[in-house]
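Step one of this worksheet: look at the structure below.
The values are calculated or read from the model by the stated rules, or taken from the named source; none is laboratory data. The shown structure was predicted, so the numbers you read here are calculated from the model rather than taken from an experiment. Cβ placement follows ideal geometry from the backbone for every residue including glycine, while neighbour counts extend to all protein chains displayed.
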Amino acid sequence: MPPEPLCTEEDISALVHAFYARVRRDDLLGPVFDTHIDDWDRHLVKLTDFWSSILLRTGRFTGAPMPRHAALPGLNAAMFQHWLALFHQTAAEQPNQAMARQATEAADRIAQSLWMGYQFSHTPDTLPRGLCHG
Ligand code: HEM
């Protein structure tokens, strides 16, 4: 028997929609997304594909997160930290906690790497710093 999948596409879609609904209401991050996203339906499909590629290995995501984030002006460690805090809160509320655990582990790793890449691209002469845990 093949192993039981970690989650369904519906579980992923629920996580993504709940997370971005929270982000859009957020005082710190909401304005960044408002400025740069003009088609939310398309963004949510893209981010569902991204998480489906990570959690179910569907290979549906074909974007380029590193250059996309490097191109956003004015991001800082506090914003990445806060993005992660909102992601953790949203994941904790999902009924599928096995999926939530894997998603938060991946989000932690990817946020670190996007923030390192961001610093390399914006302040190449300064040693990049990691995000704090907790
Ligand atoms: C301060 C934190 C963050 C902010 C403000 C932010 C904001 C944004 C914005 C505005 C876009 C759209 C860019 C565009 O289409 O030109 C975007 C795309 C995206 N973000 Fe983030 N983001 C953050 C962190 C993260 C993290 C930690 C992840 C993953 C764990 C992530 C995953 C993605 C993905 C997959 C895309 C689509 C990239 C593509 O089109 O190739 N973001 N983000």
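Residues in the stretch 29-49 that are near the ligand (Cβ under 9 Å from one of its atoms) and not in a helix (DSSP H, G or I): 2 in all.
From the list 84, 75, pick out the single residue that is at pLDDT 95 or above, under 15 Å from the mean Cα position of the chain (by Cα) and not in a helix (DSSP H, G or I). Before you say what the answer is, go through the steps one by one.
Values: 84 fails: not in a helix (DSSP H, G or I).
None of the others qualify; the one that does is 75.
Candidates are the residues of the stretch 89-134 that are of a type in the set (Asp, Glu) and more than 14 Å from the ligand (Cβ to nearest atom); the one that is farthest from residue 18 (Cα to Cα) is 125. Take residue 15 and decide whether it is crowded, with 17+ Cβ neighbours inside 10 Å, in contact (Cβ under 8 Å) with a residue 60 or more places away in the chain and touching a helix residue (DSSP H, G or I) at 6+ places or on another chain (Cβ under 9 Å). Criteria met by residue 15.
Within the stretch 110-133, take every residue that is of a type in the set (A, V, I, L, M) and under 18 Å from residue 73 (Cα atoms) and give me the one that is nearest to the chain's Cα centre (by Cα). Residue satisfying both the conditions and the ranking: 111. Filtering the stretch 50-72 to residues that are under 19 Å from residue 29 (Cα atoms), of a type in the set (Gly, Ala, Ser) and either within 14 Å of the chain's Cα centre (by Cα) or more than 8 Å from the ligand (Cβ to nearest atom) (or both) leaves only 70. The set of residues in the stretch 50-70 being within 17 Å of residue 15 (Cα to Cα) and part of a helix (DSSP H, G or I) consists of 50, 51, 52, 53, 54, 55, 56.
Inside the stretch 19-58, residues that are of a type in the set (Lys, Arg) and in contact (Cβ under 8 Å) with a residue 60 or more places away in the chain make up a count of 1. Out of 112, 102, 89, one residue alone is assigned to a helix (DSSP H, G or I) and surrounded by fewer than 14 Cβ atoms within 10 Å (Cβ to Cβ). It is 89. Residues in the stretch 58-71 that are farther than 28 Å from residue 7 by Cα, surrounded by fewer than 13 Cβ atoms within 10 Å (Cβ to Cβ) and of a type in the set (A, V, I, L, M, F, W, C): 71 alone. Just one of the listed residues (29, 55, 84) is of a type in the set (A, V, I, L, M, F, W, C) and farther than 30 Å from residue 4 by Cβ, and it is 29.
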